[in-house]
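J.: Take a look at this one; I'll ask things after.
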Amino acid sequence: MKNLNLFIAFILLATIVSCQKGENRLNASGPVVQNPESVVPKTKINAFIYDQLAKTQHFEWKAANDSLLWSALVQGDSVLAVGYQPAGFTNLADKMHTVNVADESWKSARNQLMDLVLRNERKTGKTDKDLLVFKENRLPYFTVKVSNIATIKALRASNLVRYTEPIGYGKFMNQGATKSGLGTESSVLTFGCGTNIPTPGLVAGVDYTNITPGAKQSWNYTYHKIPQAWARSTGQGVKVMIIDTGVSADQDNLGANFNQGASTGRSIEKLVTFPGGTPADLCGHGTAMSGALAGPRGTDGASAGIAYNSNLIVVHAAENVVILSSESVQGVADAYVLGGDRADVKIISMSMGSIIAFNPINDAIIYAYNKGKLMFCAAGTSNSSIPNWIGVIYPADRPQVVAVTGIKDNLTERCVDCHVGREVAFTIVMEKTSTATTALSLAMTGDAPSTVGGSSVATASCSAIAALVWSKYPTYPKDSIIARMKRASSLANNKSTTFGWGIPDADVAVGQ
């Protein structure tokens, strides 16, 4: 009997050990790591973000500890972006455009990390497809739904991981929790939307000039010698991609009437990378940027864009001007990859941004930059979540892009909501000191002009000036185009830490 009891005890012990070993294998390298009993409140997370911005003018999630990052993740939409690379790989930024994630070493690194996620999320019997959120592009990162702090700890400890980021927290950061535990969407997600309607009371000869064959020229064009530059270049042969909120299906000047009057022989494409979206603009911002950059010089009385003979691609990549949701992060990253892969695209203009840096977008910007694209980004336009003390926002603060801001017609004050800083390269006149009237563009429908301001219209306008220059010098590389614009700007000999090289003179930049 004693021997039998010993045998049973041995079997029980062996079973327990076996189970523990299985559990250890399931959870990477140790016992189950329990989630914290409480999350870090959003107020503390937000305070941490703004504190980092105050100290460095930049915020990335790598500055957060595991507990804070996990708290942001579970109080958002639980979407975690994981950047990866094979062990020992170096200088990825220089090689981003040559990486093939289907190669064995990259595929192995990715699969090892997906297995790690599955183990730590305790998804037995599941595959990576059960956790993946967005379709993977050609860049080395993936997005997964994560709820366990053990997953974060394991990923951050891996030498295969470049970054782990809760890319959807911003969508919920400014609202309280609901019964479900998630926050309601932040009101900042409507910023910049719904305002693109015709502006009443615009005065001929003051706010615009009537030009042939039957169009309107915005009041601010004269400050950049746009009419003089038009004598030698109108943007013909240059294709510009706008990454924004899409294009209104009801604006004929960006549709069936894109070629009219003095604007002929060009093309417009309307694409979408925003997950679940269509090319249609439900916000109004993308339509306004498209009109300011490339609206036709037509016969119907509408406002003409600066590069009125350029070709245009408008990508609906985000739901509004502020990049905060995981869908927008993915949409913007996919848009930059799309632009990078299009050999016919020379310029990419994006008048959107965020106080939070997103490495999936960084990867995509580097990819497009390495592919030879000239990229302009808005320095920032203030709202309740983006105070102007922050300076130049993300991604305009990245070295691969050209940051643009706006200035008043007194040529000394930035526009009311415009951000400035040492990263700014060019400044566009786009706001009247006396009346606060901003630059003319195309409304969501009809020919009566709307007006649009901030660093947004400054960026679209600067991109259009670059299109004028590149049209005149089609064989030049992107650096030569920027060099011509710098030499033609008001602060060419004394770059400012506020306004960069200053106000570009399009006539001088285009040259004789």
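J.: Just the residues that are in contact with a helix residue (DSSP H, G or I) (Cβ under 8 Å, 6 or more places away or on another chain) and in a loop (DSSP other than H, G, I, E, B), please, taken from region 128-165.
T.: Filtering region 128-165 down to residues in contact with a helix residue (DSSP H, G or I) (Cβ under 8 Å, 6 or more places away or on another chain) leaves 128, 131, 133-134, 137-156, 158, 160-165.
Val133, Phe134, Asn137, Arg138, Leu139, Pro140, Val146, Ser147, Asn148, Ser158, Leu160 - these are the residues of region 128-165 that are in contact with a helix residue (DSSP H, G or I) (Cβ under 8 Å, 6 or more places away or on another chain) and in a loop (DSSP other than H, G, I, E, B).
J.: For residues that are acidic (Asp, Glu) and part of a loop (DSSP other than H, G, I, E, B), scanning just region 297-337, find the one that is modelled with the lowest pLDDT.
T.: In this case the residue turns out to be Glu319.
Per-residue answers, yes or no, for (1) surrounded by fewer than 17 Cβ atoms within 10 Å (Cβ to Cβ); (2) touching a strand residue (DSSP E or B) at 6+ places or on another chain (Cβ under 9 Å); (3) at pLDDT 95 or above:
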position: Ala81; (1), (2), (3): no, yes, yes
position: Asn91; (1), (2), (3): yes, no, yes
position: Thr98; (1), (2), (3): yes, no, yes
position: Val117; (1), (2), (3): no, yes, yes
position: Lys129; (1), (2), (3): yes, no, no
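Let's see how each residue does on (1) modelled with pLDDT of 95 or more; (2) of a type in the set (S, T, N, Q); (3) surrounded by 16 or more Cβ atoms within 10 Å (Cβ to Cβ):
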{"site": "Cys19", "(1), (2), (3)": "no, no, no"}
{"site": "Ala28", "(1), (2), (3)": "no, no, yes"}
{"site": "Gln57", "(1), (2), (3)": "no, yes, yes"}
{"site": "Glu60", "(1), (2), (3)": "yes, no, yes"}
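J.: Output the residue which, of all residues in region 395-411 that are β-branched (Val, Ile, Thr) and more than 15 Å from Asn220 (Cα to Cα), is surrounded by the most Cβ atoms within 10 Å (Cβ to Cβ).
T.: We begin by selecting, within region 395-411, every residue β-branched (Val, Ile, Thr); these are 401-402, 404-405, 407.
Restricting the remaining residues to those that are more than 15 Å from Asn220 (Cα to Cα) gives 401-402, 404.
Working: Val401: 23, Val402: 23, Val404: 31.
Looking at residues that are β-branched (Val, Ile, Thr) and more than 15 Å from Asn220 (Cα to Cα), I get Val404.
J.: Please specify each residue of region 256-277 satisfying the condition of being within 25 Å of the chain's Cα centre (by Cα) and among the small types (Gly, Ala, Ser). Break it down into steps so the answer makes sense when it comes.
T.: First pass over region 256-277, keeping only residues within 25 Å of the chain's Cα centre (by Cα): 267-277.
The answer is Ser267, Gly276, Gly277.
J.: Okay, next question. Given the criterion closer than 17 Å to Thr459 by Cβ, modelled with pLDDT of 95 or more and surrounded by fewer than 24 Cβ atoms within 10 Å (Cβ to Cβ), identify the matching residue among Val272, Val345.
T.: Working: Val272 fails: closer than 17 Å to Thr459 by Cβ.
It is Val345.
J.: Looking at region 407-443 only, could you name the residues that are over 27 Å from the mean Cα position of the chain (by Cα) and either part of a strand (DSSP E or B) or aliphatic (A, V, I, L, M) (or both)?
T.: Leu411, Ala436
J.: Still on this structure, please answer the following. Any chance you could count how many residues in region 294-307 are surrounded by fewer than 24 Cβ atoms within 10 Å (Cβ to Cβ) and closer than 16 Å to Cys462 by Cβ?
T.: Qualifying residue count, region 294-307: 0.
J.: Mind listing just one residue for me: the one in region 131-161 that is under 22 Å from Phe274 (Cα atoms) and among the β-branched types (Val, Ile, Thr) and, of those, surrounded by the fewest Cβ atoms within 10 Å (Cβ to Cβ)? Please lay out each step first, then the result.
T.: Taking region 131-161 first, the residues under 22 Å from Phe274 (Cα atoms) are 131-146.
Subsequent filtering for residues that are among the β-branched types (Val, Ile, Thr) retains 133, 143-144, 146.
On the way: Val133: 20, Thr143: 23, Val144: 23, Val146: 24.
By that ranking, first place goes to Val133.
J.: Then there's this: How many residues are among the hydrophobic types (A, V, I, L, M, F, W, C) and either more than 21 Å from Met350 (Cβ to Cβ) or part of a loop (DSSP other than H, G, I, E, B) (or both) if we restrict to region 444-483? Even if it seems obvious, please write down each step before you answer.
T.: Within region 444-483, the first condition is being among the hydrophobic types (A, V, I, L, M, F, W, C), and the residues that meet it are 444, 448, 452, 457-458, 460, 462, 464-470, 481-483.
When the remaining residues are screened for being either more than 21 Å from Met350 (Cβ to Cβ) or part of a loop (DSSP other than H, G, I, E, B) (or both), the result is 444, 448, 483.
Final tally of qualifying residues: 3.
J.: Something else now. Just to be sure, is Gly340 outside any strand (DSSP E or B), surrounded by fewer than 24 Cβ atoms within 10 Å (Cβ to Cβ) and not aliphatic (A, V, I, L, M)?
T.: No: the conditions fail for Gly340.
Let's see how each residue does on (1) surrounded by 24 or more Cβ atoms within 10 Å (Cβ to Cβ); (2) in contact with a Phe, Trp or Tyr (Cβ under 6 Å, 6 or more places away or on another chain); (3) among the small types (Gly, Ala, Ser):
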| position | (1), (2), (3) |
| --- | --- |
| Gly194 | no, no, yes |
| Asn210 | no, no, no |
| Ala215 | yes, no, yes |
| Asn259 | no, no, no |
| His285 | yes, no, no |
| Ser290 | yes, no, yes |
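J.: Take region 199-235 and flag every residue that is under 27 Å from the mean Cα position of the chain (by Cα) and in a loop (DSSP other than H, G, I, E, B).
T.: Passing the criteria: only Gly235.
J.: Since Ala368 meets every condition but one in (1) under 15 Å from Met241 (Cα atoms); (2) in contact (Cβ under 8 Å) with a residue 40 or more places away in the chain, which condition does it not meet?
T.: Failed condition: (2).
J.: Here is a further query. Test Thr287 against the stated conditions and say whether it is in contact with a Leu (Cβ under 9 Å, 6 or more places away or on another chain), hydroxyl-bearing (Ser, Thr, Tyr) and in a loop (DSSP other than H, G, I, E, B).
T.: Spelling it out, it is not the case that Thr287 is in contact with a Leu (Cβ under 9 Å, 6 or more places away or on another chain), hydroxyl-bearing (Ser, Thr, Tyr) and in a loop (DSSP other than H, G, I, E, B).
The values are calculated or read from the model by the stated rules, or taken from the named source; none is laboratory data. All values derive from a computational prediction rather than experimental measurement. Here Cβ is always computed from backbone atoms with ideal geometry, including for glycine, and neighbour counts include all displayed protein chains.
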